[in-house]
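Let me begin by presenting the structure, written as structure tokens, before commenting on it.
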Amino acid sequence: MKVTAAEIYKSVELIRSQSPVVHNITNYVVMNSTANALLAIGASPVMAHAQEEVEEMVNISSALVINIGTLSEHWISSMFKAVSQAIKKGIPVILDPVGAGATAYRTKTARELINSESLTIIRGNASEIVALYDDKSKTRGVDSASSSDAAIEIAQKLSEIHKCIICVSGANDYIVSKEKIMKIKNGHPLMTKVTGLGCTASALCGAFAAVEKKPFTATVKAMAVMGIAGEMAAAVAAGPGSLQASFLDCLYCITEDDIKQRLKIED
Amino acid sequence: MKVTAAEIYKSVELIRSQSPVVHNITNYVVMNSTANALLAIGASPVMAHAQEEVEEMVNISSALVINIGTLSEHWISSMFKAVSQAIKKGIPVILDPVGAGATAYRTKTARELINSESLTIIRGNASEIVALYDDKSKTRGVDSASSSDAAIEIAQKLSEIHKCIICVSGANDYIVSKEKIMKIKNGHPLMTKVTGLGCTASALCGAFAAVEKKPFTATVKAMAVMGIAGEMAAAVAAGPGSLQASFLDCLYCITEDDIKQRLKIED
Amino acid sequence: MKVTAAEIYKSVELIRSQSPVVHNITNYVVMNSTANALLAIGASPVMAHAQEEVEEMVNISSALVINIGTLSEHWISSMFKAVSQAIKKGIPVILDPVGAGATAYRTKTARELINSESLTIIRGNASEIVALYDDKSKTRGVDSASSSDAAIEIAQKLSEIHKCIICVSGANDYIVSKEKIMKIKNGHPLMTKVTGLGCTASALCGAFAAVEKKPFTATVKAMAVMGIAGEMAAAVAAGPGSLQASFLDCLYCITEDDIKQRLKIED
């Protein structure tokens, strides 16, 4: 399987022409930057978290992105409601398990979300993905489990059990299904100095999954565009503050040629 | 009636010299950018949403801006409390009915806010303004109702019924009262790719209404400055990320000459 | 006592190499910019406010920053829980009493936080610091109390009573303990036109206190870096929008030489 620059750009064009509505129930820290990234790539972000309206908002959306970065009780109830409605309606659901493993509350919430319904894509860093896997017989320590190799192995198990695509992101991003693994080597270290670019990646997965039916391919495309726009921004940025602004400019301006010149995917 | 560049700039100078306190109960997505826009034009933003303190905060404020972009139960109660206190105290109240029409919860909340008390200014896009009008005999479809013409007609009715100024914003902004309509042709399409610039416009209406007693004129001035700063920013921006930063720079630096050269108002 | 540029930069290097986790329970307006400032200087920000997880989050943190900018009931409970756990664990606790004095709710909450446990550093502007001091016999008016001199006098009393460091920030920043006062003259007026830079200063106090055991010295270092990065940013910014981005760039890039050339401390 191959994903070419032309195919990736085709999805960018679809997002720009169709402006799919992406419903986000996300954390307070990144709401502004997430909405701006979705607008920059051409999607239409909505944010709504009240139980009174999440189902209705899902009904007018083409993808749902759930991010547990700043949890609380009422928000969790709304997340479950929104996910159920999204599954019922048949739109893709993306989960960003921010901080899973850091506190029991986050780990529990993320696992319950995964177990309750069949999600489409889960994107997290190695330690978050590992934390999603509840293997009581497992005795491996945190360090080894957080390595990319161990995380990918667990991602494959999670993908098989929960029938969804797992993206383990980091210096390299791994898109993992039961059958295959793809590695994306785009991106730039300065991106780790801007808050919420992981959350942005999850939101972009939502935008791409709204226009690309195959979730594995949608995730590959989203992560490639994310990494390439980050590289382009880092090339002109004086630091993380200007990177944040340039990143949005690059998402907005990205061309097929930009993708062709920079794309680094490995099977 | 005319509103000249000199008159608009006079209000800018008043905002800069008096730094009116503008109390915002607004949505999570735009809080940071709203506060920054108010600071950039010279006002003093405060944000407070707890029922325990909204009335006290209104008491030290010169305008109140209510924005329903990320609603929930407690926030709605606080909005009503704050609006009542603002009316009692005689300061202008601006409503931004974000997403009215998208969900029943938002439509209902916005209508209740409008019906409960006499607001000063309501600013929204065409479909939001149309959603505020509860005409049970109306059978027009959503499409026609969302056109500018239909929205302006409804805005006039709303203005008459609720005795407030309605601003229907979009590619052109229409400031509407029972007696008159003014059209502002400033602004730039790139502004639609930055989240919350509509919310910023509502906040600026608050700042201008704090120093300009006539609400119609205050709205015209706010929307003109908004559009002109947006044009100035778009002229130097490489995309929506840099536009967001430049827009604040331009609000901060705007001169009478900038306004004179760019102002496009039609009666 | 002296704090040299070399000593300040040493702490910057420690933050960059150790990436201390700084737990923030802060306001909605500044969450994004606070997280970005902590990342830019080299720390690892976390934000969590649910009662279910704040203690656990404190347990993996090296400093706790409490900011009352957008209070509500549940958040206050979590603040108390987090502070208790931080004291128990022995990590520094920084309080930013945003808006103390503006409403009774904020003043009361800030005072209760101060009285309940022994905090490490309190950073606020003159009127906020004055509002923390509950002297029933005091009859001085607000104006005199808000002057720097009066605020410093009160800061000394607060420091003695509550055994913590007080930073009264403004055009000049005063770091105050029972025994000594240090004045930092760095900073730039344009910084007051960006929302939340005071909150950022408090968060930086957390990052510096995580690597510098003496809280007085940690506060001096944090405020000096804050002011110097602000000056450097103002030198290249076209207004408050570009200042916000440049400020993060400067925090990220600041060198010992930058500090040496600009540092203005007075005993």
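Before moving on, here are some points about what is shown:
- Qualifying residue in region B:55-62 (condition: more than 23 Å from B:GLY230 (Cβ to Cβ) and acidic (Asp, Glu)): yes
- Matching residues, region C:194-206, being assigned to a helix (DSSP H, G or I) and within 14 Å of chain A (Cβ to nearest Cβ): C:LEU197, C:CYS199, C:THR200, C:ALA203
For every residue, the table says whether it meets (1) closer than 17 Å to C:ILE166 by Cβ; (2) of a type in the set (Ser, Thr, Tyr); (3) touching a residue at least 12 places away in the same chain (Cβ under 8 Å).
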position: C:GLU52; (1), (2), (3): no, no, no
position: C:SER61; (1), (2), (3): no, yes, yes
position: C:LYS88; (1), (2), (3): no, no, no
position: C:PRO92; (1), (2), (3): yes, no, yes
position: C:THR109; (1), (2), (3): no, yes, yes
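- Tally of residues being surrounded by 14 or more Cβ atoms within 10 Å (Cβ to Cβ) and among the acidic types (Asp, Glu) across region A:248-267: 3
- Flag if B:PHE216 is farther than 25 Å from C:ALA245 by Cα and of a type outside the set (Val, Ile, Thr): yes
- Residue that is among the charged types (D, E, K, R) and under 15 Å from the mean Cα position of the chain (by Cα), where the choices are C:ARG106, C:ARG111, C:ARG123: C:ARG123
- Screening C:THR26 with (1) over 16 Å from C:MET223 (Cβ atoms); (2) surrounded by fewer than 24 Cβ atoms within 10 Å (Cβ to Cβ) gives one miss only, at (2).
- Unique match (being more than 14 Å from chain A (Cβ to nearest Cβ) and outside any helix (DSSP H, G or I)) among B:LYS213, B:LYS260, B:LYS221: B:LYS213
- Residue within region A:85-96 that is within 27 Å of C:SER78 (Cα to Cα), of a type outside the set (Lys, Arg) and at pLDDT 95 or above present: yes
- Restricting region A:124-151 to residues that are among the β-branched types (Val, Ile, Thr) and modelled with pLDDT of 95 or more leaves a set whose member that is farthest from A:ALA222 (Cα to Cα) is A:VAL130.
- Some residue of region B:89-102 being within 14 Å of chain C (Cβ to nearest Cβ), over 14 Å from B:LEU158 (Cα atoms) and β-branched (Val, Ile, Thr): no
- Some residue of region C:28-45 being within 7 Å of another protein chain (Cβ to nearest Cβ) and of a type in the set (Phe, Trp, Tyr): yes
- Looking at A:ALA245, A:ALA234, just one residue is surrounded by fewer than 24 Cβ atoms within 10 Å (Cβ to Cβ), within 14 Å of chain C (Cβ to nearest Cβ) and modelled with pLDDT of 95 or more, and that residue is A:ALA234.
- Screening B:ASP267 on (1) more than 14 Å from chain A (Cβ to nearest Cβ); (2) at pLDDT 95 or above shows it passes everything except condition (2).
- For region B:99-117, residues that are in a helix (DSSP H, G or I) and either crowded, with 21+ Cβ neighbours inside 10 Å or among the β-branched types (Val, Ile, Thr) (or both) total 7.
- The requirement of being surrounded by 24 or more Cβ atoms within 10 Å (Cβ to Cβ) and among the β-branched types (Val, Ile, Thr) is fulfilled nowhere in region B:70-82; no residue meets it.
- Residue count for region B:51-68, restricted to those that are surrounded by fewer than 24 Cβ atoms within 10 Å (Cβ to Cβ) and within 22 Å of B:ARG111 (Cα to Cα): 2
- Residue match in region B:62-69 (condition: closer than 20 Å to B:ILE114 by Cβ, touching a helix residue (DSSP H, G or I) at 6+ places or on another chain (Cβ under 7 Å) and at the interface with another protein chain (Cβ under 9 Å from one of its Cβ atoms)): yes
- In a residue-by-residue description of region A:168-182, the property of being within 14 Å of chain C (Cβ to nearest Cβ), within 24 Å of A:LEU39 (Cα to Cα), out of contact with any Asp or Glu (no Cβ under 7 Å at 6 or more places or on another chain) and at pLDDT 95 or above applies to no position.
- Condition check for B:HIS74: at pLDDT below 95, touching a His at 6+ places or on another chain (Cβ under 9 Å) and within 11 Å of chain C (Cβ to nearest Cβ): yes
- Residue check, A:THR34 touching a Cys at 6+ places or on another chain (Cβ under 8 Å), within 15 Å of A:LEU251 (Cα to Cα) and touching a residue at least 60 places away in the same chain (Cβ under 8 Å): yes
The values are calculated or read from the model by the stated rules, or taken from the named source; none is laboratory data. Given the structure is predicted, the values throughout are model-derived calculations rather than measurements. Reconstructed Cβ throughout: ideal geometry from the backbone, glycine too, with neighbour counts over all protein chains shown.
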